[in-house]
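The values are calculated or read from the model by the stated rules, or taken from the named source; none is laboratory data. If you're wondering where the values come from, they're calculated on a predicted model, not measured in any experiment. Quick reminder, even Gly has a Cβ in these numbers, built from the backbone with ideal geometry, and neighbours come from all protein chains shown. Ligands, DNA and RNA are stripped out before the accessible areas are found, and what is left, the full protein with its side chains, is counted by its heavy atoms. Shrake-Rupley method; radii C 1.70, N 1.55, O 1.52, S 1.80 Å.
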Amino acid sequence: MPWSCGRAARVSGMEELQVRTVRARWMPLLLLLLWLCLSARANVLETMLQRSSGKVTSGGGKESSGSAAPVIPEKMLLCHCYHHCPEDSSNNTCRTDGYCFTMVEEEEGGSPVLTSGCLGSVGSEFQCRDTGNARLRRILECCTDQDFCNRDLHPTLPPLKKHDQDNGFHYMALIISVVVCCTILLFVCVFIYRRNQRQVMRARYSMGLEQDETFIPAGESLKDLIEQSQSSGSGSGLPLLVQRTIAKQIQMVKQIGKGRYGEVWMGRWRGERVAVKVFFTTEEASWFRETEIYQTVLMRHENILGFIAADIKGTGSWTQLYLITDYHENGSLYDYLKSTTLDTKALLRLAYSAVSGLCHLHTEIFGTQGKPAIAHRDLKSKNILVKKNGTCCIADLGLAVKFISDTNEVDIPPNTRVGTKRYMPPEVLDESLNRCHFQSYIMADMYSFGLILWEMARRCVSGGIVEEYQLPYHDLVPTDPSYEDMREVVCIKRQRPSFANRWSSDECLRQMGKLMTECWAHNPASRLTALRVKKTLAKMSESQDIKL
């Protein structure tokens, strides 16, 4: 029994060993069979995919047994093919077990291309929904209802999004935004600059004075103060503190005039009458320029309006710009001629004093403290005042230009005002004036002065006859002429104010007519200078024994 039991155990162990040996031998074969099955299935899928391009094979590949199993569809669909025909197609016809399709596609920058053909059943549902990509626009339509059904398909591409126009629009929007931002920035910079300039000017003329009276002792008159300032050697007017004191002590009496720049009032300072020119806030540049010109060294002259003081009054929200000058009760030459007739002596006195003031303006005085040459640029009868003694003085220097001989530069005021159109010379009207040449402004003043001489001469009595006062070109242009009106008369037709017949029989008026004709010549180089006119008028006075 022990032997039999041991034998049985050995037999059982041998059988188990044999089973393990068989498993070890057949395991690779089973794995090989499994791989062959998977390969056969893959071949079938590959065959179905090949049919999507029109190539249908009858065999899928070698199986483990080496035999081929052809895949034959139950029903094949005939399709029209174009640009997508397989090799075995004939007469533009292909066969498929899937779908017939028609497609139109367009590459970027190309033209649309029409294509039709067959799609295999595998994956065709996804292909029929294809819409292309960013670089290739494509529309594909499929059908399976009948043979050659794709002939009735007419896919169309959607409207092209005009990227160039969109890009152009965005580019234009960007440019406009940049320009607007730069413009706003420029306006802000200009505003800040002008505000700073205004503060500088106000700091200059608005120094706080606690006891103003200490600067001007009692009993001092304006004439005394001005003479003291001239003898002190500065030659540029009263000290700023004295100007401020005078301005604070002035009492406004009545308004005597109004213009585009502001108002003119008669005021009193310690019993003396003065003229107070109150500028509008918008005319601050004119106020500053006129103040600057009046305070030029050696500017004071008997035939230029006497400057007394300048000041800025007011708070942050309310401002008044004062320019205080001598007061002349006769008013402007315009007002004076309207109400007064002249004899030969009065005519020559007015003309000579007016041109003397203009000559002083135009003349440059050299020296350690010299005076620059100055051109008025807005000369007219309303900007010339008449004194008590019948002489003239030139006023309103808000548009004046200075010539800086050291640097050969023309100092033009930075304001928006322009001269009076009626008195503008032809080179200003036709915009041919050379703005960089100071002599051009001098000659423009002489043209305007010729018209002023004409206004004076009309009011001179000769032979008991005198014309009523009129402005130059009163019979040729409207009351408020435009640039076009003046350009047509002065530049194109080259007309000038006419002379009365009586002038030819009066020696003084005849010579005055010749003088004004040479002043308003069309060619600026042909016009007389202020010094030449001054000398001619002096000779005319001597010939008639008239003391000017």
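A compact table of results
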item	result
Two-site FRET efficiency, Glu431 against Val253, from Cβ-Cβ distance with R₀ of 30 Å, rounded to 0.05	0.10
R0 of 22 Å, Cβ-Cβ distance Leu531-Thr479: FRET efficiency to nearest 0.05	0.05
Virtual spin-label span in nm between Leu186 and Leu114, 7 Å along Cα→Cβ	5.7 nm
FRET efficiency, Asp335 to Lys493 (Cβ-Cβ, R0 45 Å, nearest 0.05)	0.90
Gain on full stretching of the segment that runs from Phe169 to Arg129 - 0.36 nm per residue minus C-alpha separation	11.1 nm
Tensor-based shape of the stretch 393-530 (alpha-carbon gyration tensor, a/c under 1.5 rounded, otherwise prolate or oblate)	prolate
Set of the stretch 139-157 residues, backbone N closer than 16 Å to the point 7 Å along the Cα-Cβ line of Asn92	148-155
Percent carbon-and-sulfur accessible area, the stretch 413-532, ignoring ligands, DNA and RNA, probe 1.4 Å	51 percent
Loop-located GluC sites (Glu not before Pro) in the stretch 461-548, at most 11 other Cβ atoms within 10 Å (DSSP)	Glu468
Label-point separation, Asn196 to Leu157 (7 Å along Cα→Cβ), nm	5.9 nm
